[in-house]
Amino acid sequence: MNITIFGSGYVGLVTAACFADVGNDVLCVDVDQKKIEGLKNGIIPIYEPGLTELILKNAAEGRLRFTTDAAEGVAHGLYQFIAVGTPPNEDGSADLKYVLAVARTIATHMTEYRLVISKSTVPVGTADKVRAQMKATLAERGVSLDHDVVSNPEFLKEGDAIGDFNKPDRIVIGADTARAAKAMQALYAPFNRNHDRVLVMDVRSSELTKYAANAMLATKISFMNELANLAENLGADIEKVRIGIGSDPRIGFHFIYPGAGYGGSCFPKDVKALVKSAADAHFDAEILKAVESVNNRQKTTLHAKLVKHLGSLEGKTIAIWGLAFKPKTDDMREAPSRVLMEAIWAEGGRVQAHDPVAMHETAKLYGERADLKLVNSALEAVAGADALVICTEWRAFQSPNLAKLKALLKRPLIVDGRNMYDPAWVRGEGFVYDCVGRPASV
């Protein structure tokens, strides 16, 4: 099948590579000339395990191409995916200007039936706006061309996106015509062979499903962080509580790990957007607003723990392990590490940090500054530091050499924002070990 994907960001590239890998002819369109030239030369702009290899393989075999020519893209594919960004506006709403610009582009260049598919995360009612934009553009051309608009939200986890695409939990298709639904089912047939994963529904329900899924997961995280803070005050151990409640199959163990708060490109943005959509519909989304409030508060806890142990951070050097918002990605958007670093700097402290893949993104965000040192190893980060803070639970940090850490740190203080270690072990080696939701005696 011929597939065109507008947008060569995270969702666009994963979608393109996976569709190409099952034999489709995929063309990626982007307005960023530098990015497209880089992709043509094998330079992949994001980090995602396995993605570079998949893109290079399918590009070499001629199934995956890149262009800035929108007319070529519209002419190429029956399937026209919109996978551009929907950044938040100041009021939390999703900015649809890029989505609607693609709709206008498709309507400007199409000469026959096209199936327009929204892969971007968009508020309920966006498909109606895409239809209206296309209808207006076609009217300006003085033509009437048949087309369908479909919602097909992505459910990709950063760090495991290729696995999620190839073996999805569900494939949600929001379609208002039988023709569009049938075409989408045919497109996804290679990913739906083991058992039927396709859920066909109306477009508005499909659009809400994406936001609802992310909001539910964000709610579980904030709820557990709320319980963790309560556990600290009550002298309970949140890790034992987590096992106790996770054993209930109605609750399960997914997304109930306490920590330093959620980040990334989806949860913060989508919760805000859903709150704004609720307000626009004259509904007060109290739980969702609390989820966001708890998460924002949770991101300040690591700094508070440092101050509790060190007093003023002025002149202090803090080592940070992990900068990305989660392991197996270089995504720094809304990362808890950013809140921590900026709080340290505001007090006049310094940061020495290491992350296996996100240091380039950190350098892009903050540039050269005297109070930030990005280093090549975890041990180099702790050398001469007043404390170590763990922000991201990378596997490389799971079994540290505590004797070396103690020798390199000015004082044996570890603030663990991900509860990676056994407190008895770390404290038994002479460290002050402060984690999330666990009493000092554990």
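Points worth noting:
- Potential lengthening between residue 307 and residue 395 on full extension [0.36 nm per residue; Cα-Cα distance subtracted]: 28.9 nm
- Comparing 178, 440, 159 along the charge dipole axis of the chain, the residue lying farthest to the positive side is 440, per the Cβ-charge model.
- Accessible surface computed residue by residue for the chain, with neighbouring protein chains in place and a 1.4 Å probe, gives 44 Å² per residue.
- The chain: calculated mean residue ellipticity at 222 nm from DSSP helix runs of at least 4, using -39500 (n - 2.57): -13500 deg cm²/dmol
- Carbon/sulfur fraction of accessible area - the chain, other protein chains in place, 1.4 Å, %: 54 percent
- Among 400, 150, 357 the positive-end extreme of the charge dipole of the chain (Cβ point charges): 400
- In the context of the full protein assembly, residue 65 retains an accessible surface of approximately 90 Å², using a probe radius of 1.4 Å and ignoring ligands and nucleic acids.
- Charged neighbours of residue 292, selected by a Cβ distance under 13 Å, balance to +2 (K, R count +1; D, E count -1).
- Modelled spin-label separation between residue 202 and residue 169, with each label point placed 7 Å from Cα along the Cα-to-Cβ direction: 2.5 nm.
- Cα-based shape type of the range 181-303, given that a ≥ b ≥ c are square roots of the gyration tensor eigenvalues and the cut on a/c is 1.5: oblate
- Dipole magnitude for the chain: about 440 debye, using +1 per Lys or Arg Cβ and -1 per Asp or Glu Cβ, origin at the Cα centre.
- Inter-site label distance for residue 135 and residue 383 at 7 Å from Cα along Cβ, in nm: 6.6 nm
- DSSP assigns beta bridges within the range 14-165; of those with both partners inside it, close to 5 percent run antiparallel.
- Taking the C-alpha atoms of the chain, convex hull volume expressed per residue in Å³: 157 Å³
- Stokes-Einstein translational diffusion, the range 270-370 - Kirkwood Rh over all Cα pairs, 0.692 mPa s, 37 °C, in µm²/s: 214 µm²/s
- In order along the range 375-385, the Karplus-derived 3J(HN,Hα) couplings, from 6.51 cos²θ - 1.76 cosθ + 1.60 at θ = phi - 60°, round to 10, 8, 8, 5, 5, 4, 5, 8, 4, x, 7 Hz, and Gly and Pro are given as x.
- Over all other residues within a Cβ to Cβ distance under 9 Å of residue 123, the charged ones net out to -1, with Lys and Arg as +1 and Asp and Glu as -1.
- Within the chain, DSSP assigns beta bridges of which about 5% are antiparallel (rounded to the nearest 5).
- Förster radius 35 Å - calculated FRET efficiency between residue 234 and residue 373, Cβ distance, rounded to 0.05: 0.35
- With all protein chains modelled, accessible area of residue 289 [1.4 Å, Å²]: 90 Å²
- Residue-span extension gain [residue 157 to residue 247] - 0.36 nm each, minus C-alpha spacing: 30.0 nm
- Ranking 273, 340, 288 by how far each Cα lies toward the positive end of the dipole of the range 254-341 (charges on Cβ) leaves 340 at the top.
- Per the Cα gyration tensor, the range 1-89 maps to an equivalent ellipsoid with semi-axes of 17, 16, 12 Å, ordered largest to smallest.
- Rg and Dmax of the range 163-206, based on Cα coordinates, read 10.3, 30 Å.
- Added length on full extension, which subtracts the Cα-Cα distance from 0.36 nm per residue, residue 287 to residue 25: 89.9 nm
- Separation of the alpha carbons by more than 22 angstrom is noted, of 129/276; 57/167; 129/272; 119/299, for 119/299.
- Projected area averaged over orientations for the range 108-232, convex hull of C-alpha atoms, nm²: 10.2 nm²
The values are calculated or read from the model by the stated rules, or taken from the named source; none is laboratory data. For clarity, every value in this text was computed on a predicted model and none was experimentally measured. All Cβ positions, even for glycine, are placed from backbone atoms using ideal geometry, and neighbour counts span all protein chains on display. Surface areas here come from the heavy atoms of the whole protein model, side chains and all, with no ligands, DNA or RNA. Shrake-Rupley method; radii C 1.70, N 1.55, O 1.52, S 1.80 Å.
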